[in-house]
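Following: one structure in structure tokens, then a few remarks.
The values are calculated or read from the model by the stated rules, or taken from the named source; none is laboratory data. All of these numbers come straight from a predicted model, not from anything done at the bench. Cβ sites come from the backbone with ideal geometry, for glycine too, and all protein chains shown count toward neighbours.
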Amino acid sequence: MPASAAASAVPDNTESKPVRERLLDAAEDCLAQFGPQKTSMEDVARAAGMSRATVYRYFENRDALLLGVASRQAANLATEAIAFLPQFNTISDWIVEGCLFTLREIPKRPVFASLVTSLDSSAASKLLLGSTGMIQIGVNVLRPMFANAKEQGLLRDDVNIDMLIEWLLRVLWTYLNAPSQVATDEDSMRKLFHMMLIPAVLKGTSA
């Protein structure tokens, strides 16, 4: 599709950035303008001022490009979450508030939100839930917390962190795409996570 408006979207001062980062910048601009369904590799090439061959050199296909954008957005969100969560004193609060932080912040990021909520379920599942890279970002955010819980003897012995993170990603994706009709505000969601999630993760806890 035409992308003349996006062609000048990437500022001139990005010339010193690595090519991959410039392509991701251009892709984010195109996604913001056209949405994930209509953004093409040609759009991104034009917006970045590069050839399509260059785009394909760094991203083998459109899915890889979208995943690159999603991974960068998720990594930025993870960095902010890590800075936000230390204000909470207990492991259970850290887990619950981390989930709420994710649900609260993703809708504020239009490009990331469009990748999470605008794609059809099969495409989103393949892009986000089928990516080991995205799961690893989640693991990196939560690993220090769970390591601390384990050191304190709070973590259940049968918890597998990778499995837990994948499950949490699926839960959060579901709530982003189909908000609860029962837990309709953040306080209700907080109660729900404390009731359903914490007993499954930490020893000596119950709903």
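Structure summary
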item	result
Filter result for residue 68 (over 30 Å from residue 204 (Cβ atoms), surrounded by fewer than 18 Cβ atoms within 10 Å (Cβ to Cβ) and not basic (Lys, Arg))	no
Check on residue 88, at pLDDT 90 or above and either surrounded by 13 or more Cβ atoms within 10 Å (Cβ to Cβ) or of a type in the set (Phe, Trp, Tyr) (or both)	yes
Hits in the stretch 83-99 - residues which are over 13 Å from the mean Cα position of the chain (by Cα) and assigned to a helix (DSSP H, G or I)	83, 84, 85, 86, 87, 91, 92, 93, 94, 95, 96, 97
Residue count for the stretch 28-38, restricted to those that are among the charged types (D, E, K, R) and modelled with pLDDT under 95	1
Enumerated helices (runs of 4 or more DSSP H) restricted to the stretch 107-207, each holding at least 3 residues that are at pLDDT below 90 and either loosely packed, with under 12 Cβ neighbours inside 10 Å or in the same structural domain as residue 95 (by TED's automatic domain parsing) (or both)	110-117, 121-124, 132-151, 161-177
Qualifying residue in the stretch 39-58 (condition: modelled with pLDDT under 90 and either hydroxyl-bearing (Ser, Thr, Tyr) or surrounded by fewer than 20 Cβ atoms within 10 Å (Cβ to Cβ) (or both))	no
Out of 25, 63, sole residue that is part of a helix (DSSP H, G or I), among the charged types (D, E, K, R), under 17 Å from the mean Cα position of the chain (by Cα) and at pLDDT below 90	63
Residue count for the stretch 36-51, restricted to those that are under 17 Å from residue 72 (Cα atoms) and part of a loop (DSSP other than H, G, I, E, B)	1
Condition check for residue 31: surrounded by 13 or more Cβ atoms within 10 Å (Cβ to Cβ), of a type outside the set (Asp, Glu) and out of contact with any Asp or Glu (no Cβ under 9 Å at 6 or more places or on another chain)	yes
